[in-house]
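Shown next, in structure tokens, is the structure this report addresses.
The values are calculated or read from the model by the stated rules, or taken from the named source; none is laboratory data. Bear in mind that the values here come from a model prediction, so they are computed numbers and not experimental data. Cβ: placed from backbone, ideal geometry, glycine included. Neighbour counts: every protein chain shown. Side chains are part of the model used for accessible areas, which takes the heavy atoms of the whole protein and leaves out ligands, DNA and RNA. Shrake-Rupley method; radii C 1.70, N 1.55, O 1.52, S 1.80 Å.
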Amino acid sequence: MDSIPSLLGLALRAGRLAVGEEPVGAACRAHKAYLLLLAHDAADNTIRRAHHFCQAGNNTILAVLPFTKAELGGCLGRASCAMLAVSDIGFAAAVADKLAKADPDTYGAAGEQLSQKAARAKKRREEKRAQDKTQRTGKGPVPSREKKKRNT
């Protein structure tokens, strides 16, 4: 559980974390947020907005963290923070995995879903790299040399 704030700080420094209601809403509407995180003492209105943001983001997963707004803000260099959105699948999967290990009943499904998404994204990146390498080197599959039929 102690590594979650450090992961969130790393994601913030990498530019993969939206902090606050407006940036989180924008990330969800742009379909860039994979995981929306709430402090457990967030206001009812904030929780309602978070649910709306997740619906707008289609695939965004909502998780309530076991941290207060002050604790979340402290790890991000702010006074307080009630809502965060992780826009990198790797960071989102890592945070969900840490949460699932701490409380499998609450966060297990989210951790599994994000792990599968991360694996698919990794596979797509590897396929893209292989395709780019093939194009650069010119060593692609040899086209079949079928004889053309003559129309007589």
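Numbers for the structure displayed
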{"read-out": "Compactness of the chain, expressed as Rg and Dmax over alpha-carbon positions, Å", "value": "21.1, 83"}
{"read-out": "Per residue value of the accessible surface for the stretch 35-80 (all protein chains in place, 1.4 Å probe), Å²", "value": "51 Å²"}
{"read-out": "√(5λ) per eigenvalue of the Cα gyration tensor, the stretch 36-103, largest first, Å", "value": "17, 16, 11"}
{"read-out": "Normalised contact order of the chain, rounded percent, pairs of Cα under 8 Å and 6 or more residues apart", "value": "25 percent"}
{"read-out": "Cβ-based net charge around Pro104, under 13 Å, with every Lys or Arg adding one and every Asp or Glu removing one", "value": "-2"}
{"read-out": "Magnitude of the charge dipole, the chain, Cβ model with Lys/Arg +1 and Asp/Glu -1, debye to 20", "value": "1840 debye"}
{"read-out": "Rounded tilt (10° steps) of 3-13 against the dominant C-alpha axis of the chain", "value": "70 degrees"}
{"read-out": "Options Leu37, Phe67, Gly138, ranked by Cα towards positive dipole end of the chain, top entry (Cβ charges)", "value": "Gly138"}
{"read-out": "Crossing angle, helix 104-137 versus the chain [Cα axis fit, 0-90 degrees, rounded to tens]", "value": "30 degrees"}
{"read-out": "Sequence-distant residues sharing a close amide H with Val64 (under 5 Å, placed H)", "value": "Leu38"}
{"read-out": "Apportionment of accessible area to carbon and sulfur, the chain, percent (1.4 Å)", "value": "49 percent"}
{"read-out": "Angle in degrees between helix 89-102 and the longest Cα principal axis of the chain, rounded to the nearest 10", "value": "50 degrees"}
{"read-out": "Extension gain, Arg124 back to Asp44 (0.36 nm per residue minus Cα-Cα distance, nm)", "value": "24.9 nm"}
{"read-out": "Burial order of peptide ranges 22-29, 79-86 (average beta-carbon count within 10 Å, highest first)", "value": "79-86, 22-29"}
{"read-out": "Extension reserve of the Thr134-Gln116 stretch, reckoned as 0.36 nm per residue once the Cα distance is removed", "value": "3.8 nm"}
{"read-out": "Beta bridges by DSSP in the chain, antiparallel share as percent, to the nearest 5", "value": "65 percent"}
{"read-out": "Alpha-carbon centroids, the stretch 88-126 and the stretch 7-34: separation in whole Å", "value": "16 Å"}
{"read-out": "Cβ charges +1 (Lys, Arg) and -1 (Asp, Glu), total dipole of the stretch 56-138, debye", "value": "540 debye"}
{"read-out": "Exposure of Phe67 as accessible area (Å², to 10), given a probe of 1.4 Å and all protein chains", "value": "30 Å²"}
